[in-house]
Amino acid sequence: DAKTTQPPSMDCAEGRAANLPCNHSTISGNEYVYWYRQIHSQGPQYIIHGLKNNETNEMASLIITEDRKSSTLILPHATLRDTAVYYCIVPAGPGTYKYIFGTGTRLKVLA
Amino acid sequence: GAVVSQHPSWVICKSGTSVKIECRSLDFQATTMFWYRQFPKQSLMLMATSNEGSKATYEQGVEKDKFLINHASLTLSTLTVTSAHPEDSSFYICSARDRAGVHPLYGEQYFGPGTRLTVT
């Protein structure tokens, strides 16, 4: 089973920040959190990952709570092209790097 | 960098025939590749883990004799769907994990664009 839970869907107005939450309460101390997104009929696209510190790149920011049991992906200025399913993933086990995908969050950016 | 390709992007085959799908890491070496399948409006389901030079490890419920995986080099893994039937119609996606020390983003997987298989 997936080690993460996410809301099934969210809407966001174009130009506003999209905040996508993820719960991973069973994460262990050395496990990273990875975020990907999948635009319709394409392979998932890597967005960002983190361990305990907040991370930012050209695509998004990742905020991880101090207890590491949850995180939030932030798209600072959502565009229509950000409409996709967003997956938060914690690998299945140390050394395996297997990804067990949950249902993800279907983000719809509205004009 | 970190590009993964798949070939073909789509394929239609007749029931009972076999289909081979290729997954290549174009600009990095991948000791580990993964194969997923995805049905419409569903999430990705991991089928197997493919390690270069060794036998693939299949997830529970995935028939290893039906879904043959070969990972003969550090840049190529193949999935062969044998004796395909209409229920095998799906979107097949591979991913590759970069070897440590080659890319600074150690550990994450890079996904191919997917192959849509339709069995008639």
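Restricting attention to the stretch A:1-55, the residues being closer than 22 Å to B:Q38 by Cβ, without any contact (Cβ under 8 Å) to a residue 40 or more places away in the chain and either assigned to a loop (DSSP other than H, G, I, E, B) or of a type in the set (K, R) (or both) number 3.
The condition (being touching a Phe, Trp or Tyr at 6+ places or on another chain (Cβ under 8 Å) and at pLDDT 95 or above) is satisfied by just one residue among A:L75, A:L107: A:L107.
Here the strands (runs of 3 or more DSSP E) wholly within the stretch B:1-93 that include at least 3 residues being closer than 27 Å to A:G102 by Cα are B:4-7, B:19-25, B:30-38, B:45-51, B:67-73, B:76-81.
Summed over the stretch A:60-78, the residues that are open to solvent by less than 40 Å² (accessible area, probe 1.4 Å) and of a type in the set (K, R) give a count of 1.
In the stretch A:33-59, what residues are open to solvent by 60 Å² or more (accessible area, probe 1.4 Å) and either touching a Ser or Thr at 6+ places or on another chain (Cβ under 9 Å) or closer than 11 Å to A:S71 by Cα (or both)? Correct list: A:H40, A:K52, A:N53, A:N54, A:E55.
Scanning the stretch B:58-87 for residues that are out of contact with any Gly (no Cβ under 9 Å at 6 or more places or on another chain), more than 11 Å from B:M33 (Cβ to Cβ) and among the hydroxyl-bearing types (S, T, Y) yields B:Y58, B:T80, B:T82.
The values are calculated or read from the model by the stated rules, or taken from the named source; none is laboratory data. Predicted, not measured: the structure shown is a model, and the values here were computed from it. Please note: Cβ atoms are built from the backbone with ideal geometry, for glycine as well, and neighbour counts cover all protein chains shown. Quick note on the areas: whole protein, heavy atoms, side chains included, nothing else; ligands and nucleic acids left out. Shrake-Rupley method; radii C 1.70, N 1.55, O 1.52, S 1.80 Å.
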